[in-house]
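The values are calculated or read from the model by the stated rules, or taken from the named source; none is laboratory data. These figures come from a predicted structure and were not determined experimentally. Cβ placement follows ideal geometry from the backbone for every residue including glycine, while neighbour counts extend to all protein chains displayed. With ligands, DNA and RNA removed, areas are computed over all heavy atoms of the protein, side chains included. Shrake-Rupley method; radii C 1.70, N 1.55, O 1.52, S 1.80 Å.
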Amino acid sequence: MFISPARPLALTLCLSASLAALSVPARAADGEAIIQKGGANPAAMPCMSCHGADGKGMAAGGFPRLAGLPEAYIAKQLADFKAGRRENPLMQPIAQALDAAEAAAVAMAYAALPKVQVKAGPLERPKEGSGAWLALRGAWDRNIPECTLCHGPAGVGVGDAFPPLAGQSAEYIEAQLRAWRASPARLAGKKGKAVAAVPPTRRNDPNGLMQHIAADLSEAEIKAVSAYFAGLGETTEPLDASQHRLR
Amino acid sequence: MTTTLRRLTAALLPLLAAHAMAADSPRNARLDDQTQLPKAPARPAGKAYFQPPAEADIPNNAYGDLVRRGQDLFMNTRALAPEYVGNEMNCVNCHIDRGRKANSAPLWAAYTMYPAFRKKNNKVNTFVERMQGCFQFSMNGKAPAADSEVLAALTAYAYWMSGGVPIGKVQPGRGFDEPPPPRGGYDIARGQQVYEKQCALCHGDDGAGRKVGATSVFPPLWGKDSYNWGAGMHRINTAAGFIQHNMPLGRGETLSDQEAWDVAAYINAHERPQDPPPGQWRHR
């Protein structure tokens, strides 16, 4: 979980509280208005207070980019938070406070913002053991396909079901991998005190496609692969769609 | 799938199924290149499959450059050798993990088995001819000449990967380790259910796969951009072997043999290119 250091939580709570006080109830499901002023229920705080004025998120708080994510993916995540298939103390109450029409409208509004674009680079030759290696080659001895095989070349996302990893911060990517990974209980022994098992707090991946991958990554691999995608950056140059992306 | 399409498919399925079964047996002489590989021995309990050399072991000289070029071609066939590829496929789509994964017809298990004598046509087939077969059928394209740069690079890549494998000794993990035919036969309607639950998310309701810009990400399973009638993957048992071991992506060996056969039959019951007529192949 990203809020383990207490500071960002306290900070966001007072930030959001002041913004929530300013907010006027939105009219019938206007996505733009929900982003800026929050939903009809004051518990549905303005999205931009955490997800940024441009919708590109805020790395320090672990707040993800929403701009340009697929509409169906955003709607699914809101439903998953609401149903508890994805647990998060900040996002769950917000998702619960949005009604169905509001959730649909805000998903549409964020999907309409610019999608993340990454420059098509030359053929990459990653070093074995690096974050780039996991991203581009995988770890097939553990049945881990290269991340880009599902998340698209340069992690720009594929269709509605496979969200972009490019454009997200390392903090957020790490938090999601840990949320899926969970950790088994450890008995007390030479290595230290007994540790209780932590069940996954994100259990919403279709057909378990993502969970087993996170569960089999080491802590060092999580850090390395997250840094790789966070480091891809973003380009504003228009992309030539006829250009092949090489593996 | 729209309801009309669903109804249409339902009406066509018996017809298509008959065609798919016919493809189980070679239809013409050219099919010989894609005849089924002999069954590989099982992996002895507790023993690992052969471990091909690591990428870092590719030497930094002219030979190493050729090996790397072979790997690039293997992964980006459509983009780097478009004159020989008539669909939206790359070699790596069926030979997973850059041709390294056991039970995905890995190159390390293949290279040392050629030249191979085939009783059936009384002919000795070379490794290059085997790859030419995949270009013609799996890639629905035109085979590069035996002495072409493309086949020289792909051969170097396979040769490098098989370093340490004894010549002529069949390795466990070769081919696709086809599961035996299910007792009660296979069922295309059941296969459709498996497909909708486990495969459509990536390969699409229409089997056309999914692209990002010009680049195919999830390869097509049927339709004009997929493998053709003469391809090895068009045999239901071979597709069942590939699917059982390698699909859904990253979750191989979770489907039962029955499910793998059913869904393989469903996939191969759809329209796809016929063999490209010799000499008449054209690049789209």
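Listed by first and then second residue, the pairs with beta-carbon distance under 7 Å, at least 6 apart or on different chains, first residue in the stretch A:173-195 and under 30 Å from A:ARG65 (Cβ atoms) and assigned by TED's automatic domain parsing to the domain that holds A:GLN211, second open to solvent by 70 Å² or more (accessible area, probe 1.4 Å) and assigned to a helix (DSSP H, G or I), are A:GLU174/A:LYS223.
Between A:GLN77, A:GLN36, A:GLN92, which is polar (S, T, N, Q), more than 18 Å from A:ALA109 (Cβ to Cβ) and modelled with pLDDT of 95 or more? Give the derivation first.
Working: A:GLN77 fails: more than 18 Å from A:ALA109 (Cβ to Cβ); A:GLN36 fails: more than 18 Å from A:ALA109 (Cβ to Cβ).
Going through A:GLN77, A:GLN36, A:GLN92 in turn, the sole match is A:GLN92.
Selection over the stretch A:52-72 of residues that are touching a helix residue (DSSP H, G or I) at 6+ places or on another chain (Cβ under 8 Å) and either under 20 Å from A:GLU171 (Cβ atoms) or assigned by TED's automatic domain parsing to the domain that holds A:LEU165 (or both) gives a count of 14. For the stretch B:82-107, the candidate set comprises residues that are within 11 Å of another protein chain (Cβ to nearest Cβ) and of a type in the set (S, T, N, Q); within that set, the residue that is farthest from B:SER226 (Cα to Cα) is B:SER104.
Taking the options B:ALA146, B:ALA152, B:ALA158, name whichever one is in contact with a helix residue (DSSP H, G or I) (Cβ under 6 Å, 6 or more places away or on another chain), open to solvent by 30 Å² or more (accessible area, probe 1.4 Å) and more than 29 Å from A:ASP205 (Cβ to Cβ). Residue meeting the stated conditions: B:ALA146.
Residues that are at pLDDT 95 or above, within 16 Å of B:LEU37 (Cβ to Cβ), of a type in the set (S, T, N, Q) and not assigned by TED's automatic domain parsing to the domain that holds B:ASN237 do not occur anywhere in the stretch B:140-157. Pairs needed: first member in the stretch A:33-61, over 23 Å from A:ASP99 (Cα atoms); second member anywhere, open to solvent by 70 Å² or more (accessible area, probe 1.4 Å); C-beta distance under 6 Å; at least 6 residues apart or different chains. The qualifying pairs are A:ALA59/A:GLU171.
So which residues in the stretch B:52-70 are aliphatic (A, V, I, L, M) and surrounded by 12 or more Cβ atoms within 10 Å (Cβ to Cβ)?
Across the stretch B:52-70, the qualifying residues are B:ILE58, B:LEU66, B:VAL67.
Scanning the stretch A:218-237 for residues that are closer than 16 Å to A:TYR172 by Cβ and among the aliphatic types (A, V, I, L, M) returns A:ILE222, A:ALA224, A:VAL225, A:ALA227, A:ALA230, A:LEU232. Number of residues in the stretch B:147-173 that are assigned to a loop (DSSP other than H, G, I, E, B) and closer than 30 Å to B:PRO82 by Cβ equals 3.
Scanning the stretch A:205-221 for residues that are in contact (Cβ under 8 Å) with a residue 60 or more places away in the chain, in a helix (DSSP H, G or I) and away from chain B (no Cβ under 12 Å) yields a single hit, A:GLU221. Exactly one residue out of A:LYS76, A:LYS119 is out of contact with any Asp or Glu (no Cβ under 6 Å at 6 or more places or on another chain), in contact (Cβ under 8 Å) with a residue 24 or more places away in the chain, within 29 Å of A:SER242 (Cβ to Cβ) and not assigned by TED's automatic domain parsing to the domain that holds A:ILE213, and it is A:LYS119. Among the helices (runs of 4 or more DSSP H) confined to the stretch B:179-284, the ones with at least 3 residues that are hydrophobic (A, V, I, L, M, F, W, C) and within 14 Å of chain A (Cβ to nearest Cβ) are located at B:200-203. Of the helices (runs of 4 or more DSSP H) entirely within the stretch A:61-139, those holding at least 3 residues that are of a type in the set (Gly, Ala, Ser) and over 17 Å from A:ILE35 (Cβ atoms) occupy A:71-83, A:131-137.
Criterion applied to A:PRO238, A:PRO163, A:PRO145 was being within 14 Å of chain B (Cβ to nearest Cβ) and under 17 Å from A:PRO70 (Cβ atoms), and the one residue passing it is A:PRO163.
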